[in-house]
Amino acid sequence: MAELELDLVFEDGVACALSEDELEQTIALVLAEEGVERPCCVSLSIVGDERMRELNYEWRGIDRATDVLSLECERPDDPDLGPGEPCELGDIVLAPAYIARQAQEFGTTAADETRLLLVHGVLHLLGYDHLQDDEAEVMEAREDELVAMLATDADLRGVRVTRHEGDEDA
């Protein structure tokens, strides 16, 4: 399994449905299941809706909050990285209040929705995307497999949980 260096930052007053250990374990599981062996650095920010709106506008030109943003830096297979050199995978931003509202809408828990969106974010950093239908099918199937491995509710294992079908905003 790849070594993971996680730079975790919480905006003042913002709490997350997952513990710091669960956040790190989720990222590590995705990297391991994707066969990443190179040491990786990931920045994870937990922010409020207003900060997420600002970031979404700054990076994507969309002036509203969203659940997750992923900003890729390097890929583990980058030929410019030396043997054993850590990969600066990128940044993931989660908005827990937005995620909690979304979880209610989908009839799941804030914790399970957070797991899904963190998996979604890490897969983006690894090059997955969902802008084209064929890419979306691959990414969403992989999300579902990984989330099933992480599900705390036995009823969720094996159930399609992808939340971004037809959503160009994610």
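We did not get these values from a lab; they are worked out from the coordinates using the rules stated. Every value quoted in this text rests on a predicted model; they were computed, and no experiment measured them. No Cβ is skipped: glycine too gets one built from the backbone with ideal geometry, and neighbour counts run over all protein chains shown.
Taking region 96-120, which residues are free of Cβ contacts under 8 Å to residues at least 24 places away in the same chain and either within 15 Å of residue 19 (Cα to Cα) or among the acidic types (Asp, Glu) (or both)?
Within region 96-120, just 105 meets the criteria.
Please enumerate the residues belonging to region 32-54 that are surrounded by fewer than 19 Cβ atoms within 10 Å (Cβ to Cβ) and aliphatic (A, V, I, L, M).
32
Can you name every residue in region 54-76 that is among the small types (Gly, Ala, Ser) and within 12 Å of residue 124 (Cα to Cα)?
70, the sole residue that qualifies.
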